[in-house]
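Trainee: Before anything else, here's the structure in question.
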Amino acid sequence: MKIDFHSHVKLAKNSDFSMDNFRDIIKEAREQGLTALTITEHFNTSNFLMIYDTLDEYYEYKSDYYDVEGLKIFTGMEVNIPGDYHILLIGNVVNIRRIREGLNGYEEKDAFISLDKLFELCDSSDILIILAHPFRHDPLCNIKPELLEKFNAFDLNGKDLFEYGIEEMTDKVMELGKKCDIPVITGSDSHQYLQLGSLMTIFDKECETISEIKNEIKAGRYEIFISPCLNIKVKAARIIKGFLKPQLEAQSTNN
């Protein structure tokens, strides 16, 4: 299974979810050789639950993923916590919906949920919990060691590899993983679909459930692929996003 663990299906938080854009995402994912994708849209994006309401209308949900013409779309979200850290939660859509409801009231920066409370919110569910781009806003990653150890994985992030250097950031995240004994997986962090394929995690096994994915990650039965075209992909996606984002936000405001 070739999967991207960090992807978005909206260009901006204030834009509307579009099935046309989603179909373009699926097409590009296929062309890049991905067989699975996780939706980790920002939890405080406008109309978050509408994304999954819409997908429910179009696609069958099997085990822990939507079957989109053979491509597995696992469900999740990206949650902000104090300190400018972001946490990826990936799980069955029922659990993701429940956790999102539990985050009502925590949407604004001065009210973000604490990491320990977020772990408590996830405790009763089988959730894959990933620390996203651990060094983006904090070069020292000052999360308490006892909390770092609770993560299932750390995110080697396509945007950060572009911003800070592929070799430098890869070494930094891998070193953190080794220090904490936490596996490192990959996420493109795509908001525009041309960024897909910039890097991926390749499993020997075709996983159907979050539990299977967690087991494979823990056992280390996977490898990381970084595209030689990563910088071009991220730069192209950024340019297009910058062009389209104001238009989409204006359309959403008018609607």
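The values are calculated or read from the model by the stated rules, or taken from the named source; none is laboratory data. Not measured: the values here are computed from a predicted model. Here Cβ is always computed from backbone atoms with ideal geometry, including for glycine, and neighbour counts include all displayed protein chains.
Trainee: With the requirement that a residue be surrounded by fewer than 15 Cβ atoms within 10 Å (Cβ to Cβ) and of a type outside the set (Gly, Ala, Ser), what does the stretch 225-243 give you?
Mentor: Kept after step one, since they are surrounded by fewer than 15 Cβ atoms within 10 Å (Cβ to Cβ), are these residues of the stretch 225-243: 225, 228-229, 232, 235-236, 239, 242-243.
Selection gives 225, 228, 229, 232, 235, 239, 243.
Trainee: I need the full set of residues from the stretch 178-193 which are among the charged types (D, E, K, R) and more than 15 Å from residue 86 (Cβ to Cβ), in order please. Give the derivation first.
Mentor: Our first condition is that a residue be among the charged types (D, E, K, R); within the stretch 178-193, this holds for 178-179, 181, 189.
178, 179, 181 - these are the residues of the stretch 178-193 that are among the charged types (D, E, K, R) and more than 15 Å from residue 86 (Cβ to Cβ).
Trainee: Determine whether the stretch 238-249 contains at least one residue that is touching a helix residue (DSSP H, G or I) at 6+ places or on another chain (Cβ under 7 Å) and hydrophobic (A, V, I, L, M, F, W, C).
Mentor: Within the stretch 238-249, the subset touching a helix residue (DSSP H, G or I) at 6+ places or on another chain (Cβ under 7 Å) is 240.
Narrowing further to those that are hydrophobic (A, V, I, L, M, F, W, C): 240.
For the stretch 238-249, residues touching a helix residue (DSSP H, G or I) at 6+ places or on another chain (Cβ under 7 Å) and hydrophobic (A, V, I, L, M, F, W, C): present.
Trainee: For the stretch 104-148, give me the residue count where each residue is of a type in the set (A, V, I, L, M, F, W, C), over 22 Å from residue 177 (Cα atoms) and assigned to a loop (DSSP other than H, G, I, E, B).
Mentor: Residues in the stretch 104-148 being of a type in the set (A, V, I, L, M, F, W, C), over 22 Å from residue 177 (Cα atoms) and assigned to a loop (DSSP other than H, G, I, E, B): 2 in total.
Trainee: Give 138, 126, 181, 116 a once-over and let me know the one that is among the acidic types (Asp, Glu) and within 30 Å of residue 237 (Cα to Cα). Please lay out each step first, then the result.
Mentor: Values: 126 fails: within 30 Å of residue 237 (Cα to Cα); 181 fails: within 30 Å of residue 237 (Cα to Cα); 116 fails: within 30 Å of residue 237 (Cα to Cα).
Being among the acidic types (Asp, Glu) and within 30 Å of residue 237 (Cα to Cα) holds for just one of 138, 126, 181, 116, which is 138.
Residue by residue, here is whether (1) touching a Gly at 6+ places or on another chain (Cβ under 6 Å); (2) charged (D, E, K, R); (3) on the phi > 0 side of the Ramachandran plot; (4) not in a strand (DSSP E or B) holds:
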position	(1), (2), (3), (4)
16	no, yes, no, yes
28	no, yes, no, yes
34	no, no, no, yes
53	no, yes, no, yes
57	no, yes, no, yes
67	no, yes, no, no
72	no, yes, no, no
79	no, no, no, no
95	no, no, no, yes
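Trainee: Out of the stretch 202-245, which residues are of a type in the set (Phe, Trp, Tyr) and modelled with pLDDT of 95 or more? Lay out the reasoning, then the answer.
Mentor: Within the stretch 202-245, the first condition is being of a type in the set (Phe, Trp, Tyr), and the residues that meet it are 203, 222, 225, 243.
203, 222, 225 - these are the residues of the stretch 202-245 that are of a type in the set (Phe, Trp, Tyr) and modelled with pLDDT of 95 or more.
Trainee: Could you check the stretch 134-176 and list, in sequence order, the residues that are farther than 23 Å from residue 228 by Cα, surrounded by 12 or more Cβ atoms within 10 Å (Cβ to Cβ) and either free of Cβ contacts under 8 Å to residues at least 40 places away in the same chain or among the charged types (D, E, K, R) (or both)? So that I can check it myself, show each step before the final result.
Mentor: First pass over the stretch 134-176, keeping only residues farther than 23 Å from residue 228 by Cα: 137-153, 176.
Then keep just the ones that are surrounded by 12 or more Cβ atoms within 10 Å (Cβ to Cβ); that gives 138, 141, 143, 147-148, 150-153, 176.
Correct list: 138, 141, 147, 148, 150, 151.
Trainee: Do you know which residues across the stretch 204-224 are surrounded by 14 or more Cβ atoms within 10 Å (Cβ to Cβ) and either touching a residue at least 12 places away in the same chain (Cβ under 8 Å) or not in a helix (DSSP H, G or I) (or both)?
Mentor: Selection gives 207, 208, 209, 210, 211, 213, 214, 216, 217, 222, 224.
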